[in-house]
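Take a look at the structure below.
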Amino acid sequence: VIESLADLAPSLPTVPATLAEPRSRASGSLTDDAELIAACRRGEARAMEMLYHQYKRRVFGMAHRIVGASDAEEVAQEVFVRVFRALGAFRGDSALSTWIYRLTVNASLSHLAKRGRRQEVSDDVLSDVPAPAAVQRDPSLAARIEGALAQLPPGYRAILVLHDVEGLSHEECAAILECRVGTCKSQLHKARGKMRELLGPIGGPA
Amino acid sequence: VTQPRDKACAQFGDQLTAYLDGELTDDRLSAVRGHLRECEGCRQAAADLAIVRDGLRELAPVDPPPSLWAGVQAQLAAREVEDAHRPSWRRALLRWLPVLPRYGGIAIVCAAAAVFLLWRATRTTDVVETGKTAPAIATNVPATDPATTTPITPAIAQPVCPPSADLAVATVPATPVTPVTPSIDDDTADVATAIAADPARTTASYTAATSELLGLACGARGDWTPTHRDTFDSTVTKLRGEIASAAPGRAQDKARRALVRYLQDAVVRDEIAAIDHAHDSHAFAGTRGAP
């Protein structure tokens, strides 16, 4: 992995570095999951609470960024209700985390479909986004990115949230979205390109 | 050979995300880097995409509100109460819904087979019913058809068929057809009237069926052997006697049914024998017309 091209060829323009190492927030082992699932199916309140606390931030975070702040709690609540009620049907073909995230993405996308064309972030909010700074990292970039993310088509939003925001691998994303890894990669590329279009000129190389 | 800039930009542009995420093999990585050194537009695009990627990665985690867990628990409790009030067949359906996609193909085939068998069974029943009771006649039959009721009481020993019986006799029920009782289908008839009219309608059905079958049998009688004619006449006379002596109601209906069945057998056997005879007159020459 090459850290910086500037060291190798100082006279040439610097290009963005590749990722040093894949970021992964891997889930717990299958045995842990199996024990937790068994306890939840027996109706043990402590186990149910443990499972909730284990996944609450991710589930809520995904829902928040896919459906928006106002509906995130409703969607996350529905996801956890489905998780606890359908644990008996969980066959262990995939990791528990993959299954829960799949439920989250599906619930979020179907919520958006029900909500129709109404967008979480209106044009007024977008117009408030400050103009991009000409150099270096824009201090308000996070707000602009949140705004642009909300403007993306739901499919692009889902892949960006899973891969970039939550740091899941392409394989995990493909399992959650029930598509091929290649499809997942190409969707990610298109989604980032669309984000770049929405954000406009961002700035020069860091 | 160098590629035109636009073509190279399109080719390498598609690989920028994989490049930024460290997913390219060494040779492709080197080629993309080489292009980025030469192309300012792609270099800017890569820088922007890197900022987008890093910006997304650095978004602050969102904490769920404390009310979320309470809401989940309340929803779970509410759904369990709903389950308790749900009919058992709906609970069973919900239990099977998740596995339906897996077994959907088999289920569709089974359902199609069940529908086909049901259709076959219904069709067979229709055919049998039609042959048994001749509903087309049964709905509009005279209550006092002489072909059955008249011979029963006054002259049980009367000849079964008149001496001049021929095929024209088969169409005997040309007597005026008048409904005996109000039809159930009549909107004005109430249920009690319809139920009370049932026995009379049943008797009328047997009467009409006997009349028609007797006509058919008498038409075919000329081709029978003298022995078969005698057997037929004596059996019909005996069955008529049983009808006359039976107590009105179910017993008499049973006796009427026996006569109808006997006549059906006689007519059907005669027709089958005729068909067989047409195919092989030698083999069945001696058996035709056996009642």
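Under 5 Å between amide hydrogens, built in the peptide plane, is the criterion, and for B:GLY22 it picks out A:LEU19 among residues at least 5 positions away or on other chains. Each of B:ALA112, B:GLY34, B:LEU93 was scored by the projection of its Cα onto the charge dipole of the range B:24-122, and the greatest displacement toward the positive side belongs to B:ALA112; charges sit on the C-beta of Lys, Arg, Asp and Glu. Residue by residue along B:68-80, Cβ atoms of other protein chains within 10 Å of the local Cβ number 5 on average. Given +1 at the Cβ of Lys and Arg, -1 at the Cβ of Asp and Glu and no other charges, the dipole of the range B:206-261 around its Cα centre is 240 debye to the nearest 20. Of all lysines in the structure, those lying under 19 Å Cα to Cα from B:LYS254, and not within fewer than 8 positions of it along the same chain, are B:LYS132, B:LYS238. Were the residues from B:ALA111 through B:ASP265 laid out at 0.36 nm apart, the gain over their Cα-Cα distance would be 51.6 nm. Per-residue extension of 0.36 nm, minus the Cα-Cα distance of B:ALA74 and B:SER88, leaves a gain of 2.7 nm for this segment. Partner lysines whose Cα lies under 30 Å from the Cα of A:LYS56, excluding those fewer than 8 positions away in the same chain, are identified as A:LYS114, A:LYS185, A:LYS190, A:LYS194. Shielding of peptide A:191-198 by partners, expressed as the average count of other chain Cβ atoms within 10 Å per residue Cβ, is 5. I'd like the distance separating the alpha-carbon centroids of the range A:154-192 and the range A:42-106, in whole Å. That distance is 19 Å.
With neighbour counts taken as other beta-carbon atoms within 10 Å, the residues B:LEU68, A:LEU162 rank, fewest first, as B:LEU68, A:LEU162.
Within 10 Å of each Cβ in peptide A:77-90, how many partner chain Cβ atoms are there on average? Round it to a whole number, please.
Whole-number average of other-chain Cβ neighbours for A:77-90 is 4.
The packing ranking, built from the mean of other Cβ atoms within 10 Å per residue, places the peptides B:28-37, B:220-229, B:245-254, B:104-113 in the order B:28-37, B:220-229, B:245-254, B:104-113, highest first.
For A:LEU152, no residue whose modelled amide H falls within less than 5 Å of its own remains once neighbours fewer than 5 places apart on the same chain are excluded. Here the Karplus relation 6.51 cos²θ - 1.76 cosθ + 1.60, evaluated at θ = phi - 60°, turns the backbone of the range B:48-54 into coupling constants of 5, 5, 5, 5, 4, 4, 5 Hz, with x for every Gly and Pro. Our coupling estimate for the range A:82-96, obtained by passing each phi through the Karplus curve with A = 6.51, B = -1.76, C = 1.60 and θ = phi - 60°, is 4, 4, 5, 7, 9, 4, x, 8, 6, 9, x, 5, 10, 5, 4 Hz, Gly and Pro reported as x.
Counting other C-beta atoms within 10 Å, which of B:THR231, A:THR98, B:THR25 has the fewest, and how do the rest follow? Let's see the in-between values first.
Numbers: B:THR231 15, A:THR98 18, B:THR25 9.
Placing the least packed residue first, the sequence is B:THR25, B:THR231, A:THR98.
Values in this text are rule-based calculations from the coordinates and carry no lab data. Quantities reported herein were computed from a predicted structural model and do not represent experimental measurements. Note: ideal-geometry Cβ built from the backbone for every residue, glycine included; neighbour counts use all protein chains shown.
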